[in-house]
Amino acid sequence: MGLFKIYPEPKEGQKIEMKKGKLWVPDKPIIPVIYGDGSGPDCSKNGITVLDAAVKKAYGGRKKIVWFPVEAGQEAFNKRGEWMPTDTTTAIKHYLVSIKGPLETPVGGGHRSLNVALRQECDLYCCVRPVQWFEGVPNPVKEPEKLDVVVFRENTEDVYAGIEWKQGTPEAQKMIAFLATQMGKKVRADSGIGVKPMSATGSKRLIRAAIKYAIANKRRSVTMMHKGNIMKFTEGAFREWGYEVAKEFGDQVVTEQEIAEKFGGQKPEGKVLVNDRIADSMFQQILLRPGEYDVIATPNLNGDYISDAAAAQVGGLGIAPGGNINYDTGLAVFEATHGTAPKYAGQDKVNPGSFILSGVMMLEYLGWKEAAALVNRGFAGAIKAKRVTYDFARQMEGAEEVKSSEFAQEIIKHM
Ligand code: NAP
């Protein structure tokens, strides 16, 4: 019996593995890809063309990604009557590293978000969202180049845990009665109830990953963004646990208190500063003092907001990349962060940038830094040349609108 019921086994390539806590990447890794719904395939197919070209240029045929298309979303439902076939999650877990386009999620009913399901099923506890400006990208601020941050958002807990009860249901009534009789807390009788669990385990592993990333990538600081002044035992605890984790890194990190007490107010060279900011002030800070922030580690809901706000600040919401990563198991799913933009489906029109830059994150994760750098260079070159998809063209003076596939070729030309 093979591993899959519905997919043929890939004919070439090898699986990526975790060996002694490190990712081991063969020269021809098998990487599952979910093309996505709506206009998703325009992003992913053109994205793959770009990533393949970069790998070829960087390694001249010595390395190559063996793409393994797997189904999810509408495509899977139409063909097989299920939104996320078991074989798809099996492939994602077995091959460790994968990439996906956007998937359709109906609002207020229907099936639950496939993205959230995948993150929980694979315990992908870090949602990593780098935000940087590419010269020429239209944006709403004066100095977009000053913002260059990487958000580490906790991906499995907080109000996203899905523990909530609708107003008026017996469960909500029961919780309200329990809070009144057992816990001495009064809640209005006509309330819906949600629970916000945040654990030491979940918070610490996220913050640990952010600090490790900062050290490995020579970043200057890790800022814990929290609302601990109000939610003391969840977000406040997140901050406390973070400073505990920081101690594990010895003299590789330094806190603001240590800088004041031991280093005369000057951050010593080569150490990563670990500090914290209240969530609401963080939104002002990234606008007013963007250059002071670098890696941001934060619980789920804050992370959702700050990663989109930061991306919007550099005009990059439509091209913002993302990765969902479990650094312990090595399992990672990289993904375009926008939705399926269904009205443009099949028109070869949408911007494939988010998928492509997620591919850059994936190449960096594989350690294929040369190929990642080529894609970045090509992307920046295509934007400078002002041959861009409709979304950028309508905001850039003197730009020529090109199709998704032509934009991909433009990127390849500028590598
Ligand atoms: P959306 O698909 O992101 O589209 C909203 C608008 O954003 C589009 O109409 C378009 O703007 C612009 N846009 C999105 N992707 C673009 C691209 N690649 N290039 C250029 N412009 C792009 O958001 P939505 O309409 O709220 O959601 C549609 C479906 O996607 C829903 O089922 C939702 O659940 C799902 N979704 C999936 C994911 C995911 O899988 N990660 C994430 C978010 C949403 P203009 O109209 O101005 O051209």
Quick one: 3J(HN,Hα) in Hz for the range 169-175, Karplus 6.51/-1.76/1.60 with θ = phi - 60°, rounded, Gly and Pro as x. 7, x, 5, 5, 4, 5, 5
Distance (nanometres) between label positions extended 7 Å along Cα→Cβ at Glu256 and Ile278: 1.2 nm
Can you pull the three principal axis extents for the Cα set of the range 1-77, in Å, largest first? 37, 35, 25
Looking at the range 154-312 only, what percent of DSSP beta bridges run antiparallel? Nearest 5 please. 15 percent
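Using Stokes-Einstein with the Kirkwood hydrodynamic radius over Cα pairs, what translational diffusion coefficient do you get for the range 37-88 at 25 °C and a viscosity of 0.890 mPa s, in µm²/s rounded to a whole number?
192 µm²/s
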Rounded to a whole number of µm²/s, how large is the Stokes-Einstein D of the range 252-409 at 20 °C and 1.002 mPa s, given Rh as the Kirkwood radius over C-alpha pairs? 117 µm²/s
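How would you rank Ile176, Ile34, going from fewest to most other Cβ atoms within 10 Å of each one's own Cβ? Let's see the in-between values first.
Values: Ile176 20, Ile34 28.
Final ranking by Cβ density, sparse to dense: Ile176, Ile34.
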Debye calculation, C-alpha points only, no solvent: report log10 I(q)/I(0) for the range 108-160 at q = 0.17, 0.20, 0.27, 0.31 Å⁻¹, in the same order as the q values. -0.71, -0.78, -1.02, -1.23
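Restricting to bridges with both residues inside the chain, how much of the DSSP beta-bridge set is antiparallel, in percent to the nearest 5? Don't skip to the end; give the middle numbers.
Values: 20 of 49 bridges.
Counting only bridges with both partners in the chain, antiparallel ones make up about 40 percent.
Among Glu154, Glu240, Glu135, rank each residue by its count of other Cβ atoms within 10 Å, from fewest to most, as a rough exposure measure. Intermediate results must be reported in sequence, preceding the final value.
Working: Glu154 27, Glu240 17, Glu135 10.
If I rank by nearby Cβ atoms, fewest first, I get Glu135, Glu240, Glu154.
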For Gln14, which sequence-distant residues (separation of 5 or more, or a different chain) have an amide H within less than 5 Å of its own amide H, given hydrogens modelled in the peptide plane? Lys28, Ile30
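Please give the net charge around Phe152, taking every other residue with its beta carbon less than 12 angstrom from that of Phe152, where Lys and Arg add +1 and Asp and Glu add -1.
Working: positive: Arg129, Arg153, Arg205, Arg208, Lys212, Arg219; negative: Glu154, Asp294.
After counting each charged neighbour, the total is +4.
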How much length, in nm to one decimal, is gained on full extension between Glu244 and Glu143, taken as 0.36 nm per residue of separation minus their Cα-Cα distance? 32.8 nm
Other-chain or far-sequence residues with amide H under 5 Å of Val272's (modelled H): Val253, Val254
Cβ neighbours within 10 Å, averaged per peptide: list 11-21, 271-281, 211-221 in order, most packed at the top. 271-281, 211-221, 11-21
Give the separation of the Cα centroids, the range 371-386 to the range 6-24, in Å. 29 Å
How much mean residue ellipticity at 222 nm does the chain get from its helices, if each DSSP H run of length 4 or more adds -39500 (n - 2.57) and you divide by all residues, to the nearest 500 deg cm²/dmol? -12000 deg cm²/dmol
GNM on the chain, C-alpha springs below 10 Å: top fluctuator among Ala210, Ala76, Ala332? Ala76
So between Lys218 and Glu400, what do we pick up on full extension, going 0.36 nm a residue minus the alpha carbon distance? 61.8 nm
Going by C-beta contacts inside 10 Å, put Val388, Val195 in order with the fewest on the left. Val195, Val388
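If I take all pairs of Cα atoms in the range 193-252, what percentage of them are more than 15 Å from each other? Could the numbers behind the result be given before it?
Details: 883 of 1770 pairs.
Cα-Cα pairs of the range 193-252 separated by over 15 Å account for 50 percent.
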Once you compute Rg and the Kirkwood Rh from C-alpha atoms, what is the Rg to Rh ratio for the range 198-325? 0.95
Go from 0 up to the bin containing the longest alpha carbon distance in the range 291-334, width 5 Å each, and give me the % of pairs per bin. 5, 17, 21, 28, 18, 8, 2
Between Arg80 and Ala309, with labels modelled 7 Å along Cα→Cβ, what's the label distance in nm to one decimal, could you check? 4.1 nm
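Based on the alpha-carbon gyration tensor of the range 321-415 and its eigenvalue square roots a ≥ b ≥ c, which shape applies: rounded if a/c is under 1.5, prolate if not and a/b is larger than b/c, or oblate? Before the final figure, lay out each step's value.
Numbers: a/c = 2.80, a/b = 1.51, b/c = 1.85.
Cα axes put the range 321-415 in the oblate bin.
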In whole Hz and in residue order, list the ³J(HN,Hα) couplings for the range 45-55 that follow from phi through the Karplus curve 6.51 cos²θ - 1.76 cosθ + 1.60, θ = phi - 60°; x for Gly and Pro. 5, 5, x, 5, 4, 5, 5, 4, 5, 5, 5
What list of ³J(HN,Hα) values in whole Hz, one per residue of the range 302-315 in order, does the Karplus curve 6.51 cos²θ - 1.76 cosθ + 1.60 (θ = phi - 60°) give from phi, with Gly and Pro shown as x? 4, x, 4, 5, 5, 5, 6, 5, 5, 4, 5, 4, 9, x
Binned at 10 Å from zero, the C-alpha pair distances of the range 11-170 give percents of 9, 26, 35, 22, 7, 1, 0
Averaging 1/r across every pair of distinct alpha carbons in the chain and inverting yields a Kirkwood hydrodynamic radius, in angstrom, of 22.7 Å
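Relative to 2.2 N^0.38 Å, what does the C-alpha radius of gyration of the range 92-231 come to as a ratio? Two decimals please. Spell out each step's value before the answer.
Values: Rg = 19.9 Å, N = 140, 2.2 N^0.38 = 14.4 Å.
Dividing the Cα radius of gyration by 2.2 N^0.38 Å gives 1.39.
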Here, Ala380 and Gln285, labelled 7 Å along Cα→Cβ, have an inter-label distance in nm of 2.7 nm
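When N is the residue count of the range 39-130, what does its C-alpha Rg come to as a fraction of 2.2 N^0.38 Å? Kindly include the intermediate steps, with their values, before the conclusion.
Working: Rg = 15.1 Å, N = 92, 2.2 N^0.38 = 12.3 Å.
Rg over 2.2 N^0.38 Å, computed on Cα atoms: 1.23.
Read-outs: derived from the displayed coordinates by stated rules, not from any lab. Treat the numbers as computed from the prediction; the structure is a model and nothing was measured. Here the Cβ is made from the backbone with ideal geometry for all residues, glycine too, and neighbour counts use every protein chain on show.
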